[in-house]
Amino acid sequence: MRTQELNRQHKAPAILAATHKRLLKVLDKEIESVNKLLAKAVSEVTEWQRTYEILSSVPGVGDGVTFTLLGELPELGQLSPRKIAALCGLAPFNRDSGMMKGRRRIKGGRAPIRTVLYMAMLSA
């Protein structure tokens, strides 16, 4: 929502600038509040703390990516990298049958994780 409002702010008439600024302040406060709640929840669980520290030590990975991975991928750290890639929908699967060699495709998996990782990759 914050990004949408930032985009609208640039195209909106000057008379609405104050409205957009107020709405952005409200959204910023809400984002800050949710991040504090998530940080508190992570600090209460020892396993999450360890995973949070490992994930946030990676360059380009911030709180948004870390909290998403902790929430959407509880198997992280317990499964092999191949299985995690498959769960996220990042592992290419073949479509072979007998002599036919099909294309390898990435599909399925957990869309929120894929989206967050894609956006982190773009910003990094």
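Remarks
- Condition met for I15 (among the β-branched types (V, I, T), within 25 Å of L76 (Cβ to Cβ) and part of a helix (DSSP H, G or I)): no
- L87 vs. criteria closer than 27 Å to R2 by Cβ and either surrounded by 13 or more Cβ atoms within 10 Å (Cβ to Cβ) or outside the structural domain of R104 (by TED's automatic domain parsing) (or both): no
- Within the stretch 26-81, tally of residues that are under 17 Å from A124 (Cα atoms), modelled with pLDDT under 90 and either loosely packed, with under 12 Cβ neighbours inside 10 Å or among the β-branched types (V, I, T) (or both): 4
- Odd one out for N94 among (1) within 22 Å of V116 (Cα to Cα); (2) surrounded by 10 or more Cβ atoms within 10 Å (Cβ to Cβ): (1)
The values are calculated or read from the model by the stated rules, or taken from the named source; none is laboratory data. Small disclaimer: the values here were computed from a predicted structure and weren't measured. Cβ: placed from backbone, ideal geometry, glycine included. Neighbour counts: every protein chain shown.
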